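Take a look at the structure set out below.
The values are calculated or read from the model by the stated rules, or taken from the named source; none is laboratory data. None of the values given here were measured: they were computed from a predicted structure. Cβ: placed from backbone, ideal geometry, glycine included. Neighbour counts: every protein chain shown. Heads up: the accessible areas ignore ligands, DNA and RNA and are worked out on the full protein's heavy atoms, side chains in. Shrake-Rupley method; radii C 1.70, N 1.55, O 1.52, S 1.80 Å.
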Amino acid sequence: MKRLNLLFIGFGIVGRGLAELLLEKEGMLKSRFDLEVKTVGICDLRWGTIVNDDGINLSKALKLVNSGKALTNYDSPAKRDLTSLEAIRETTSNVVVEATWTNIETGEPGLTHIREALKLGKHVATTNKGPIALAYKELISLAKVKGAQLRFEGTVMSGTPTFNLKWSCLAAAEVRRIVGILNGTTNFILTEMEKGLSYEEALHNAQELGYAEADPTLDVDGWDAAIKAVILANVLMDGNLSLKDVKRRGIRGISLEEVLSPIKQGCRLKLLVEVRRERSDIVAKVDLTPVPTTSILAGVSGPLNAMVMETDVLGDVTIIGPGAGRRPTGYALLNDILEISKHL
Ligand code: HSE
């Protein structure tokens, strides 16, 4: 039996999505993969910290937080006075799940958490886009030096396979261009507005459903899509882009008229990400684009995401699937944990 000791840093929507899946799939992980996953700590700025190397009862922790109660109310033995960095250093965790919010300016606090875990040789599974967009090359070399794995499937298209698909089935293929709908919130807003909802109502619904970032300006101003473009460029196309290299346009304050008028021309308005090779450079942009209704991308509605990878051997490979939300993003982390256990 393989055993992993998990430390959650961040117990918001995504962290709890993973916790629910770990409980739901505990038996399957044992029987199908011979894998036992024990949680040794949860740290969250809002809900508090509980740490116990003998194990934390995840369903008790979930019950507390889901009913709005802090983890300090946890009624079993646990240390409660550690900072997240102390918890990374002092627990027997060998996998750190970093699921704090995305900070596109500094990557913090996620970047420091990930660096610290990797320095200690601990594997990392993260959905945090900031550190991967800002410091992928540094972090992946650190992971290699320390013999640790850095996995981040959920940073793009949540649990819909992106990186793992490229690294496994498309390992020998070159990606020449990527076009996609990679922000669930804006795609959801555009779809709802096509049904007649106002921009504000649609944004409110996206927040309620847990698609939007903690700061939804990241979604509506196109930052989230741009950050994903950077990650794809640097990870899948060996680029060296930063956010300032991505030409960007968002959908903030878009009117019903702007959304509905392309429909009369046989198009649907989509916020598209494009990353492509141009001679020896990689260029990327995020733009609001009318897409003919006959195109695959036009049929991608609501919080769904899609990515078309133009490859040298297979031509276009298209993936469509959930791009945001509690369960799909929790699943990305679960899959990262599984990949970690397979590559130990
Ligand atoms: N806010 C992001 C989105 C979450 O709407 O796509 C997933 O990265």
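Of everything in the stretch 256-275 that's in a strand (DSSP E or B) and more than 22 Å from the chain's Cα centre (by Cα), which residue is surrounded by the fewest Cβ atoms within 10 Å (Cβ to Cβ)? Applying the filter and picking the extreme gives CYS267. Taking each residue of the stretch 266-293 that is within 27 Å of GLU194 (Cα to Cα) and not assigned by TED's automatic domain parsing to the domain that holds GLU174 and looking for partners that are modelled with pLDDT of 95 or more and part of a strand (DSSP E or B) with beta-carbon atoms closer than 8 Å, six or more apart or interchain, yields nothing. GLU339 falls short on exactly one of the conditions (1) within 24 Å of SER158 (Cβ to Cβ); (2) open to solvent by 10 Å² or more (accessible area, probe 1.4 Å); (3) outside any helix (DSSP H, G or I), and that condition is (3).
Scoring GLU86 on the criteria (1) under 23 Å from ALA125 (Cβ atoms); (2) without any contact (Cβ under 8 Å) to a residue 12 or more places away in the chain; (3) open to solvent by 70 Å² or more (accessible area, probe 1.4 Å) leaves a single failure, condition (3).
Search the stretch 123-147 for residues being in a loop (DSSP other than H, G, I, E, B) and either in contact (Cβ under 8 Å) with a residue 60 or more places away in the chain or within 12 Å of the ligand (Cβ to nearest atom) (or both), and hand back the single one that is farthest from GLY330 (Cα to Cα).
Taking the stretch 123-147 first, the residues in a loop (DSSP other than H, G, I, E, B) are 127-128, 147.
Filter once more, so that each one left must be either in contact (Cβ under 8 Å) with a residue 60 or more places away in the chain or within 12 Å of the ligand (Cβ to nearest atom) (or both): 127-128.
Numbers: THR127: 9, ASN128: 12 Å.
That would be ASN128.
Looking across the stretch 215-248 at every residue that is open to solvent by 30 Å² or more (accessible area, probe 1.4 Å) and of a type in the set (D, E, K, R), the one that is nearest to the chain's Cα centre (by Cα) is identified as ASP215. For the structure I just gave you, tell me whether ILE181 is at pLDDT 95 or above, near the ligand (Cβ under 10 Å from one of its atoms) and more than 25 Å from CYS267 (Cβ to Cβ). No. Restricting LEU150, LEU190 to those that are away from the ligand (no atom under 11 Å from the Cβ) and open to solvent by 10 Å² or more (accessible area, probe 1.4 Å) reduces the list to LEU150. Scanning the stretch 64-81 for residues that are at pLDDT 95 or above and in contact with a Gly (Cβ under 7 Å, 6 or more places away or on another chain) returns ALA70, LEU71, ARG80. Taken over the stretch 29-74, the criterion of being assigned to a strand (DSSP E or B) and not β-branched (Val, Ile, Thr) is satisfied by LEU35, GLU36, LYS38, GLY41, CYS43, ASP44, GLY48.
Is the stretch 96-109 home to any residue that is aliphatic (A, V, I, L, M), over 25 Å from the mean Cα position of the chain (by Cα), over 16 Å from ALA19 (Cβ atoms) and assigned by TED's automatic domain parsing to the domain that holds ALA133? Talk me through it step by step, then tell me what you get.
To start, the set of residues in the stretch 96-109 that are aliphatic (A, V, I, L, M) comprises 96-97, 99, 104.
After this cut, where a residue has to be over 25 Å from the mean Cα position of the chain (by Cα) as well, the list is none.
No - not one qualifying residue is present in the stretch 96-109.
Mind checking whether some residue in the stretch 5-26 is closer than 17 Å to THR92 by Cβ and over 21 Å from the mean Cα position of the chain (by Cα)? There is at least one residue in the stretch 5-26 that is closer than 17 Å to THR92 by Cβ and over 21 Å from the mean Cα position of the chain (by Cα).
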